[in-house]
Amino acid sequence: MRSSNPVFSRRGFSRDNGYAGFNTAPQAGGAAVGTQGSPYAQPQGNPYATNPYAQQDLQQGAPPQTPVTTGRMTMDDVVMRTGTTLGILIVTAALAWALLPVDDANIGRSYGIGIGAAVIGMVLALVQSFKRTATPALIVSYAAFEGVFLGVISSIVDNRIASGAAMQAVIGTLAVFAAVLVAYKAGWIRVNRRFYGFVMAAALGFMLLMVVNLLFAAFGGGDGLGFRSGGLGILFGIIGVLLGACFLALDFKQVEDGIAYGAPREEAWLAAFGLTLTLVWIYMEFLRLVAILNSSD
């Protein structure tokens, strides 16, 4: 499963297996609804038909069920891997906050370490995104380096711009996660091909605007086109949070479908990777929003 974060494009739970797409609820005989014309559709309907456990279901003329064998991914597997990844990220963020001071004498060194960790984390995430299968060591290493970056940048914002900003961003991220989970389980959010296309188009436009703004800031100085400061910054911060909420819905859908189709257990690491990327996205957008709002006071 690829991350829903547009920086790290998805390829399905694995390149070899592909992905069934959205609106592909399994039916009797293993057929899937809505696979016609799906960019991730597989001829056999079930993208995990090569999985012996999923294949057994198909031969028996029954749809894939909730995994009961050790070879399939379960929700417990996803929760455990996600908890491990987020736990490592939180621990390294706390250590960076405590061990890398951001006072006048040390902020340059600490900021440099944080940016270096962010670059390494991005490289690791890109490597994992282009691999055919999950590599736990890469995912765990990404979480560790990303945690260092988040710890440093959160400390800078919290100590030098807006006291309590980090806690506000954490609360906001948890609130979005809980709200999207409830809305998804209640059926208020319908994740289908149209939803997917809209979110990906919006994400692409958002990222292009941010890149243009960064280039203008780098070569023209100041805040670039102003997309990350003032009123426009607040507007784009809200859009970023909403996009993050949409990414979460896509993540939930892919986890749900992966379990229903009998994805291999190791795919749980890719689910954890995608969820972690999305939560980091939402946290950063909230942190940026809090900083902009306080700098405007």
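The values are calculated or read from the model by the stated rules, or taken from the named source; none is laboratory data. No experiment lies behind these values; they were computed from the predicted model shown. Here Cβ is always computed from backbone atoms with ideal geometry, including for glycine, and neighbour counts include all displayed protein chains. Surface accessibility is based on the protein's heavy atoms, side chains included, excluding ligands, DNA and RNA. Shrake-Rupley method; radii C 1.70, N 1.55, O 1.52, S 1.80 Å.
Just a few scattered comments:
- Total residues in region 133-146, condition part of a loop (DSSP other than H, G, I, E, B) and either without any contact (Cβ under 8 Å) to a residue 40 or more places away in the chain or open to solvent by 30 Å² or more (accessible area, probe 1.4 Å) (or both): 2
- Given (1) surrounded by 14 or more Cβ atoms within 10 Å (Cβ to Cβ); (2) free of Cβ contacts under 8 Å to residues at least 12 places away in the same chain; (3) aromatic (Phe, Trp, Tyr), number of the condition PHE130 does not satisfy: (1)
- Residues of region 147-178 that turn out to be more than 15 Å from ILE90 (Cα to Cα) and open to solvent by less than 60 Å² (accessible area, probe 1.4 Å), as a count: 10
- Spans of helices (runs of 4 or more DSSP H) in region 193-297 with at least 3 residues aromatic (Phe, Trp, Tyr) and open to solvent by 40 Å² or more (accessible area, probe 1.4 Å): 193-220
- The residue that is farthest from GLY87 (Cα to Cα), among those in region 250-284 that are out of contact with any helix residue (DSSP H, G or I) (no Cβ under 7 Å at 6 or more places or on another chain) and small (Gly, Ala, Ser), is ALA260.
- Selection from region 205-221 of residues that are small (Gly, Ala, Ser) and at pLDDT below 85: ALA217, ALA218, GLY220, GLY221
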